[in-house]
Each structure stands twice: as C-alpha cells, then as structure tokens.
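What follows is a short report on a single structure.
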Amino acid sequence: MSNRRDFIKKTTLGTLAVSSVLGYSGFANNTKNEEISEIEDFGKKQKKPIIISTWNHGLPANEESWKQLKAGKPALDAIEAGMKIPEADPNIRSVGYGGYPDRDGKVTLDACIMDHNSNCGSVCFLEGIMHPISVAKRVLQNTPHVMLAGQGALQFALSEGFKVENLLTPESEKDWKKWLEDSKYKPVINIENHDTISMLMLDQDGNLAGGCTTSGAAWKMHGRVGDSPIIGAGLFLDNEVGAAAATGLGEAVIRTAGSAMVVELMRQGKSPYDACKEITERIYNKHKNHKDMEYLQVGFIALNKNGEHSGYSLRSGFNFAVSDDEKGHRMEDAKFKMAWEK
C-alpha cells in the first residue's frame, strides 16, 4: 500500500459520491454433467468467481458477498448482502447510515444494481431508508422502470415494506454544523476521505453483475444526484464483454458516460487497465482547464469476461478490494496519472 500521506491534498470534511470491466467472450461447449471452472475464451481461461469493489469499505462488503456466492446465492442477492454492510456502518461517512448530509442537513441516498441480462434498478434522492441498494433491487424486480426518484422512490420503498429511519447520526450532524460556519464546498477524495462503494462480480456461472450505493456528495445542494445511480455513468456492464464502475467527482463521470465508455473500449479489445486509463485521460483532457480541476478525482474499476480486473485513477489515493479463489480477499492500489500536491 502506498503511503497515505501522499494521498491527501488538504484536510477537508467534504466527500463526493460517485460511483461506482470488460473483454470479449466466447464459450467452449461444456461437457454434460461436468462442472467446468475455467472456460476457454479466445485462448484465455476464464477466472471465476471474482469480486472487485471500490475503497477500503469494499473489503468487508466483498467478504459478505463472497460468502453468499459460495453458499449458492444468486449474484444480485450476493451484491445486495455485501453492500448492506457499509450502508449500515455509521463510521463510513459516504454511504448510507451516518453519511454526510447535504447543505440543508438531509441525508439523501443513491443506488443502482444491474444483472447479466441488462436488467437494471435504481433509486436516487431517497431519504430515510437505510438500504437503498435493496430498494434498487426491488425496482429491478417489481417494476417496469429503471429509476425512481425522491418521494416516488420513498413511496415505493414503503409499499415494499421498508421502514423510515433517521440516518443522520450525531457525529455527522456535528460535522455538518461545523461546515455551516464557513459553508465551503471543495471535496478531496482519497483513502482517508473516500466515497461511493461500487461492486463488480463475475459469478460461478461466468455471468456479470454490479451495483453502487452512496450517500452522495457531502454538503451538496438539496436534490443533487451524482453518477452512482445512473446506468452508463457510475455503473455499466455487458455480459458479453465486461463491467465497469466509477468513483470520484460524479459530475465529471456523467459528462463522459464513464463506465459505459470503459466497457465499450473493452469491446474493442482493450484490457481493463487500458480502458480505465483511457477514459480517465479523456476526463482529464476535458477538465484540465475546468473550475473543478483543483480537487478533481475520478477512478474506475473494470472486470472483463475472462475475470481480468484493474483500476486506474486521475490522482493518487484510489484503492479497491478484490476477492477470488487464488489469492483470497485483499486490497490493491490503483495506478494513477498524477499525485495530489503536497
């Protein structure tokens, strides 16, 4: 792991949510009644299952999702179970319960989930529900829609049996009141001050799935929604190719349709690393003279159909959790274009 001191540009309470993995596929015929763990794919072997998710809080999420997968649970159930861990942890200030509020003191949540058949569910600007990833999954399963927002999302959650809870912890409320003294909005995103959890999964059957969940940008304007719940921005997958997810400044990822573009580059034959790097460079070139550049951070994780994974970020400080049979659960540092100024 890199020295954390290199990851910090300046001390700040601001956090930004963003949310939040590709290749070619071609399967050999399976022998009847024979379990095959590695599938030939254009000369490569498919490595499965594998889970990759953003930031340190991705590690306990991965561990729970891995446990669910190994118990035979479907991929979406495993993703939901894993993501509920950081959502319920008040010490993770950028996801779910205990997340930093907006500038009006309201905790608003975004989440999405997507399966190998391109079925999607998403909620945004949701208040009072601890597990938005579960509501997003119900949107996928029980509605003809992809996204529900605000009061409509809350109304749907209540109809599905979810209960309203106060998500603003005393610690986050204290930090919000301190922020009000100056009311400055300048987020810096790194290991100490991370954001969204995005998870990508290749299951035992060789199918892809993914999800994102976040409490969004600290001190954001009431009603702001980032990239995390937007299919094609914070998360995207194509089961013939791979999956990608984003983290960092949501507005920058949205402007570039970041995750969809990473997947598309993988479709064209690029590795997960090269695809993540190219889209990060594209974002840099579009924003190098932008007002956001002083604190701009974006990063991507990618997982292709062969089970190859990678991550890349604009600035130092981005890490991600990986789980597989070969090496177990671990953290990996993403390569980056530039370091934060000291």
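Solvent exposure of Lys177, expressed as accessible area, is near 110 Å², computed with a probe of 1.4 Å over the protein chains only.
Computed with a 1.4 Å probe over protein heavy atoms only, the accessible surface of the range 61-181 comes to 44 Å² per residue. Expressed in units of 2.2 N^0.38 Å, where N is the residue count, the Cα radius of gyration of the range 57-106 is 1.33. Taking chymotrypsin sites (Phe, Trp or Tyr not before Pro) across the range 201-283, none is in a DSSP loop with at most 14 further Cβ atoms lying within 10 angstrom of its Cβ. Taking amide H atoms as placed 1.01 Å from N in the peptide plane, the amide H of Thr108 lies under 5 Å from those of Asp102, each 5 or more residues away in sequence or on another chain. Measuring between their Cα centroids, the range 121-174 and the range 44-79 lie 23 Å from each other. So what is the orientation-averaged projected area of the range 88-131, using the convex hull of its C-alpha atoms, in nm²? That works out to 3.5 nm², a quarter of the Cα hull's surface. Of the trypsin sites (Lys or Arg not before Pro) found in the range 115-168, those in coil by DSSP whose Cβ has at most 16 other Cβ atoms within 10 Å are Lys163. The residues of the range 251-342 present an accessible area of 41 Å² per residue when probed at 1.4 Å with all protein chains retained.
Surface composition of the range 79-143: carbon plus sulfur atoms hold 37% of the accessible area, using a 1.4 angstrom probe and ignoring ligands, DNA and RNA.
The values are calculated or read from the model by the stated rules, or taken from the named source; none is laboratory data. Computed from a predicted structure; not experimentally measured. Please note: Cβ atoms are built from the backbone with ideal geometry, for glycine as well, and neighbour counts cover all protein chains shown. The area values use the complete protein model at the heavy-atom level, side chains included, leaving out ligands, DNA and RNA. Shrake-Rupley method; radii C 1.70, N 1.55, O 1.52, S 1.80 Å.
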